[in-house]
1. Return yes or no: is THR161 surrounded by 22 or more Cβ atoms within 10 Å (Cβ to Cβ), in a helix (DSSP H, G or I) and among the hydroxyl-bearing types (Ser, Thr, Tyr)?
2. Quick check: anything in the stretch 326-343 aromatic (Phe, Trp, Tyr), in contact with a Lys or Arg (Cβ under 8 Å, 6 or more places away or on another chain) and either surrounded by 19 or more Cβ atoms within 10 Å (Cβ to Cβ) or modelled with pLDDT of 95 or more (or both)?
3. Specify the residue that is nearest to HIS99 (Cα to Cα); the eligible residues are those in the stretch 36-59 that are more than 27 Å from the chain's Cα centre (by Cα) and of a type outside the set (A, V, I, L, M).
4. Can you find even one residue in the stretch 167-189 that is in a helix (DSSP H, G or I), free of Cβ contacts under 8 Å to residues at least 60 places away in the same chain and aliphatic (A, V, I, L, M)?
5. If you take the residues of the stretch 214-226 that are within 24 Å of LEU358 (Cβ to Cβ) and of a type in the set (D, E, K, R), which of them is least open to solvent (accessible area, probe 1.4 Å)?
6. For the stretch 101-122: of the residues being under 16 Å from ALA321 (Cβ atoms) and within 15 Å of the chain's Cα centre (by Cα), which is surrounded by the most Cβ atoms within 10 Å (Cβ to Cβ)?
7. Just the residues that are assigned to a loop (DSSP other than H, G, I, E, B) and closer than 30 Å to ASN237 by Cα, please, taken from the stretch 198-224.
8. Quick one: which of ASP270, ASP283, ASP304, ASP292 is in contact (Cβ under 8 Å) with a residue 24 or more places away in the chain and among the acidic types (Asp, Glu)?
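The values are calculated or read from the model by the stated rules, or taken from the named source; none is laboratory data. Note that the structure is predicted; figures quoted are calculated from it, not measured. Here the Cβ is made from the backbone with ideal geometry for all residues, glycine too, and neighbour counts use every protein chain on show. For the accessible areas, the whole protein counts, side chains as well, though only heavy atoms, and no ligand, DNA or RNA atoms are used. Shrake-Rupley method; radii C 1.70, N 1.55, O 1.52, S 1.80 Å.
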Amino acid sequence: MANKLRGAVIGYGFISGKGHIPAYLERAAKTGDVEIVAVADICEARRNLAQESLPKARIYSDYKALLESESKNLDFVDISTPPCDHAAIAHAAFDKGLHVLCEKPLTTTLEDAASLLKHAREAKRVLFPCHNYKHAPVVRAIREIINSGKIGKVRSLTLNTYRNTHAKGATEWKTNWRREKKFSGGGIAMDHGSHTFYLTFDWLGTYPTAVTAKMSNLEPGKYDTEDNFTAVLTFPNGIAHSHLTWTAGVRKVIYTVQGDRGAITVDDDDLQLAVMRATGGPDVAQGAVQWDVEKRSIDSHWMDASHVSWFNSMFDQFQTAIEKGDFVGKEAREAYLCIQLITTAYRSASEGCRELPLGSETP
């Protein structure tokens, strides 16, 4: 196919092995518009597994060797390494004239994020983060309801993510790398904060102006990153509360979206829509209204940590960005704002939960 994209996956850990690669193989079989021709990983055992999954792919022990040998055969790279290496690999890919699909968080520092956006523009190559939660069916349903106007103007949000442990990496390498700052750049806020924050941007339709945060580490002698994180985001038109934990007794997301005429509550796949209806009665207690309540179950496979079923929709967006030459689009700019928010929240927590301002401009 003339429009087939040839890609290389750099980092063959859990998310690429269970998520990205199976999604690419399914897409290749159905549409034929993508092919993974090479994989790089620093772990020999993971390289062997990559070869089993992709018998025809060429396998490399590091990204530099892959780019040196394969860049002329490639259109893009998929960066699925720990975050500490995202920026260096992306810069190297841009230098070779390749588009970049990158796992979240885009980088671990705001300076690196700014540098990547600048380089993508200069290289005229797409920088696209894996903001895959937008593609969960139940999250799509939230957006449709907001767009319909049924709940009116959105005024406040709560986004709570409960996990019984940190996401474990491949057992053949370092299964606990997310708890080591030198690899991850931070704890649950760095690992999971992007998902929460870009959803708040979408549902409130703007960007926050300030943040206050608190975090804790329940195993300080074992790990050097936080496992619990709470933040309050101030927006020009509302407020958002988020809580992220790796120490819960359950794996679950609970989201609420409060409008001036109704509300949405999501508990994993279960969605409840409550819409106010005027009754004409006395304006006391809860007011002269009652609620019409609709309940739905929208299969979104939240328990599958690979989120493989969400990948194809996200890759469609990446493909469209390449076709249109949208090198630093909305997703990339919001990835930068997520890093700004995370790093500012860390500073807030370290300074006694002091509220700190945020900018809304990107480089």
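1. Here the answer is no, as THR161 does not meet what is asked.
2. Among the residues of the stretch 326-343, at least one is aromatic (Phe, Trp, Tyr), in contact with a Lys or Arg (Cβ under 8 Å, 6 or more places away or on another chain) and either surrounded by 19 or more Cβ atoms within 10 Å (Cβ to Cβ) or modelled with pLDDT of 95 or more (or both), which makes the answer yes.
3. Filtering first and then ranking leaves ARG58.
4. yes
5. GLU226
6. LEU106
7. GLY205, THR206, TYR207, PRO208, THR209
8. ASP270
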